[in-house]
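Each remark here refers to the structure printed beneath this line.
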Amino acid sequence: MGRAAFRRRWAVTLLWVAVLGAVGFAGATAPASEDDGFVMPGVESQRAFDLLEERFPDTATRGAVARVVFVAPEGEKVTAADHRAAIGRLVDEAADGPGVAAAADPFRTGSVSADGSTAYATVTFRDRAADLGDESREHLKHAVEQARDAGLTVEVGGDALATEPSSGGEAEAVGMAVAAVVLLITFGSMAAAGLPLLTALLGVGVSMAAILALAGVFGLADTAGTLAVMLGLACGIDYALFIVSRYREERAGGHAPREAAGLAAGSAGSAVVFAGLTVVIALAGLSVVNIPLLTEMGLSAAGAVLVAVLVCLTLLPALFGFWPDAVLSSAVRKGRGRDRTAAEDNGGSRWARLVVRRPLPVLLLGTAALGALALPVADLRLGMPGDEAKPAAHTERRAYDALAEGFGPGFNGPLTVVVDARGTTDPRRAVSAIRDGIGATDGIVSVSPAGFNEAGDTAVFSAVPSTGPNDSRTIDLVNTVRDRRPGIEARAGASFEVTGSTAMDIDIAGRIQSALVPYLAVVVGLAVVLLLLVFRSLLVPLKAALGYLLSVLAALGAVVLVFQEGHGAALLGVEQTGPIMSMMPVFLVGIMFGLAMDYEVFLVSRIREAHVHGDRSGQAVVSGFRANARVVTAAALIMTAVFSGFVSAEDTMIKTLGFGLAVAVLLDAFVVRMALVPAVLALLGDRAWHLPRRLDRILPGIDVEGRAPAHRHGALPATDVRETAAGHR
């Protein structure tokens, strides 16, 4: 494939340009995605929500909502005549706005705090927030400004005027700039540094256009595209880096440009295919958690990684054909020097010698450091941060704080109770009994009147907790209400279920927390199987899987320290700490599986290659590090730079995931792969490469190292190829 792409470079390049143009046109002209809301199959809160939509079809709405909060100046009350008049004018003007379905006067609905300092009016629109026109938004903003001019503090919560979260675009550019500098230092050539960036950007362009084109068909969430960009850039740059590095190495070995492109695609390209597939498998495996949003994000990102692999295998060799010598260093092109090759001593080999001489202290120190960093995982709390996690500059955050102060912390997260009284002789008595039973639960401060559907057999009411939505006591309260259900239902003769945003968040966190350990076990087991096929060894895959587990747990511990416990949170722009976004740990586990296997394959394959050539165990480690440590280091720094760019995002999920991935890459590359791996291999010696003969005969041969094409083109003797296929010397 590499030789063919090099030879037919014009056709391959034009094909990719055509693909980008076609997919870009499809994405630009595709209809916008329909927001079907968050769906969580199989949990109580979702069943209750579905029952609401079934029994209250006329009142169910997905339209945008603006909760306008009024706070009187200190020492005054919103019930004062002038403030009451200003609030009335806002409600009247908002009700006349374009697209408004209803605007509720707080003095008629009783939406005034007990001390009279705070009130709120709910404005409901006919269209959902994504479809709300600028005219509707501007009309409401104008009404809000008039109320502010009257002396009231006015903030707007809900989704109607919600600020779109920043994805960290400026910092992404900084991350790309850092990647460019790392590539330039690594290769000493502008072309060699630019090619990985160019191909990665093209791959991301194709992926994002495809996601936009398919968003309307599959209802993909906006967050899916951000994750696809994150992984498409990181993997695209890293994979291209490995292939460009191998091409330069083959050129230094005396191969002609076309053959060097073929050997690079057949060796490093084969490893890229394996590495990319591990990422794709891990991301696609997120669908087993059975959360549609998680599945959408995982499959979108998996598609972006797959595109990155295809670009590296085809477009990169084609670009070599246009500029066969440009990726070489300037000294080599001018005949004044040569590229650094695996034969030269370097920092990687010197570090490896240090580790090989003192493997046990390095192993103990590295394991202890990662273990200590992983300890906070024991206190991990999952949740779905809402407006309280937004910056104070956002009006939604200020509205949240004002409601919590005026009405109590639980007001922002009421529990919605849906009562199914169908089949009872007296539905109103049954609903009243359930309402009284829930209202008597410790931790419930108030219960609203029940509203019945048209048939009179289903009712809904709200129960306000005494604690905030993400408080651990609220979780206990929801569990208590559900645990008391059999007794309450027996007395009432009707059934009920608890839903609402707070209950849904609790159910999501519970579902993911219960799925996290099984998913981690599946991923670790998959890592062992894949590496068993690649390295034909029992101990090397076990060592790799345990190292991956250590780095993931340590990264999660760092996330808990910053985003949950608040250590150093201000440095990252985190204004409000709290539970970790529920889906973040699952994503971290899946994504890091693929990235950790990347570094394991690229580094250990060279160590194994040296061992097959006859090096003793310690020298094989040094030889492998001499060949690939520099490239793996550059790849890890690039990954870290790209992921770190997303820490500036205002979206809590993306910010947390970017930080977690950046820390995980640093720990996995520099502590696990660069320190623990050589230490363990030095301690194991030749036993590291042992495989029972019976298992050796069963396992298929996988030439991830690309040694067969190297032999066909005279780079390796035939015995080395046979030894590689057999899995032993």
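Assorted remarks:
- Residue in the range 529-553 that is surrounded by the most Cβ atoms within 10 Å (Cβ to Cβ), counting only those that are among the hydrophobic types (A, V, I, L, M, F, W, C) and within 24 Å of the chain's Cα centre (by Cα): 544
- Every residue from the range 494-539 that is within 26 Å of residue 271 (Cβ to Cβ) and among the charged types (D, E, K, R): 536
- Hits in the range 490-502 - residues which are at pLDDT 90 or above and part of a helix (DSSP H, G or I): 490, 491, 492
- Among the criteria (1) at pLDDT below 90; (2) outside the structural domain of residue 205 (by TED's automatic domain parsing), the one residue 333 does not fulfil is (2).
- Lone qualifier among 264, 284 - being touching a helix residue (DSSP H, G or I) at 6+ places or on another chain (Cβ under 8 Å), of a type in the set (Gly, Ala, Ser) and surrounded by fewer than 21 Cβ atoms within 10 Å (Cβ to Cβ): 284
- Residues that are surrounded by 24 or more Cβ atoms within 10 Å (Cβ to Cβ) and either touching a Ser or Thr at 6+ places or on another chain (Cβ under 6 Å) or at pLDDT below 85 (or both), drawn from the range 665-693: 665, 667, 668, 672
- Residues that are closer than 27 Å to residue 579 by Cβ, assigned to a strand (DSSP E or B) and modelled with pLDDT of 90 or more are absent from the range 467-480.
- Filtered by the rule that a residue be of a type in the set (Asp, Glu) and over 22 Å from residue 388 (Cβ atoms), the range 470-508 gives 483, 489, 497.
- Some residue of the range 644-655 being part of a loop (DSSP other than H, G, I, E, B) and either crowded, with 23+ Cβ neighbours inside 10 Å or touching a helix residue (DSSP H, G or I) at 6+ places or on another chain (Cβ under 9 Å) (or both): yes
- One residue alone among 487, 510 is in a helix (DSSP H, G or I) and either aliphatic (A, V, I, L, M) or not assigned by TED's automatic domain parsing to the domain that holds residue 404 (or both), and that residue is 510.
- Taken over the range 598-619, the criterion of being part of a helix (DSSP H, G or I) and either hydrophobic (A, V, I, L, M, F, W, C) or more than 27 Å from residue 639 (Cβ to Cβ) (or both) is satisfied by 601, 602, 603, 604, 607, 610, 611, 612, 617, 618, 619.
- Tally, over the range 604-634, of residues that are closer than 15 Å to residue 242 by Cβ, modelled with pLDDT of 85 or more and of a type in the set (Gly, Ala, Ser): 3
- Elements of the type strands (runs of 3 or more DSSP E) sitting completely within the range 40-139 and holding at least 2 residues that are in the same structural domain as residue 150 (by TED's automatic domain parsing), in contact with a Leu (Cβ under 8 Å, 6 or more places away or on another chain) and aromatic (Phe, Trp, Tyr): these cover 118-125.
- Any hit, the range 370-383, residues being without any contact (Cβ under 8 Å) to a residue 60 or more places away in the chain and within 30 Å of residue 628 (Cα to Cα): yes
- Matching residues, the range 94-116, being among the β-branched types (Val, Ile, Thr) and surrounded by 16 or more Cβ atoms within 10 Å (Cβ to Cβ): 100, 112
- Flag for residue 325 being modelled with pLDDT of 85 or more and more than 30 Å from residue 518 (Cα to Cα): yes
- Residue 200 satisfies every condition listed in (1) free of Cβ contacts under 8 Å to residues at least 60 places away in the same chain; (2) buried (at least 21 other Cβ atoms within 10 Å of the Cβ) except (1).
- None of 91, 112, 123 is aliphatic (A, V, I, L, M) and touching a Pro at 6+ places or on another chain (Cβ under 6 Å) except 112.
- Boolean, residue 438 is under 30 Å from residue 493 (Cβ atoms), of a type in the set (Val, Ile, Thr), part of a helix (DSSP H, G or I) and without any contact (Cβ under 8 Å) to a residue 60 or more places away in the chain: yes
- Where a residue in the range 614-637 is more than 18 Å from residue 690 (Cβ to Cβ) and its partner, wherever it lies, is surrounded by fewer than 19 Cβ atoms within 10 Å (Cβ to Cβ) and among the hydroxyl-bearing types (Ser, Thr, Tyr), with Cβ under 9 Å and at least six apart: 627/341
- Subset of the range 626-679 that is among the polar types (S, T, N, Q) and closer than 30 Å to residue 615 by Cα - its residue that is farthest from the chain's Cα centre (by Cα): 628
- Taken together, the residues in the range 529-578 that are touching a residue at least 24 places away in the same chain (Cβ under 8 Å), in contact with a helix residue (DSSP H, G or I) (Cβ under 8 Å, 6 or more places away or on another chain), assigned to a helix (DSSP H, G or I) and among the hydrophobic types (A, V, I, L, M, F, W, C) amount to 22.
- Number of the condition not met by residue 192 [criteria: (1) out of contact with any Asp or Glu (no Cβ under 8 Å at 6 or more places or on another chain); (2) at pLDDT 90 or above; (3) closer than 20 Å to residue 322 by Cβ]: (2)
- Looking only at residues of the range 236-252 that are crowded, with 24+ Cβ neighbours inside 10 Å and among the hydrophobic types (A, V, I, L, M, F, W, C), we find that the one that is farthest from the chain's Cα centre (by Cα) is 244.
- From the options 596, 620, residue that is more than 25 Å from the chain's Cα centre (by Cα), surrounded by 24 or more Cβ atoms within 10 Å (Cβ to Cβ) and of a type outside the set (S, T, N, Q): 620
- Filter pass, residue 266 being at negative phi and under 31 Å from the mean Cα position of the chain (by Cα): no
- Apart from one condition, residue 465 fits all of (1) out of contact with any strand residue (DSSP E or B) (no Cβ under 8 Å at 6 or more places or on another chain); (2) surrounded by 19 or more Cβ atoms within 10 Å (Cβ to Cβ); the exception is (1).
The values are calculated or read from the model by the stated rules, or taken from the named source; none is laboratory data. The structure presented is a predicted model; accordingly, all values stated were derived computationally and were not measured. Backbone-built Cβ (ideal geometry, glycine too); neighbour counts: all protein chains shown.
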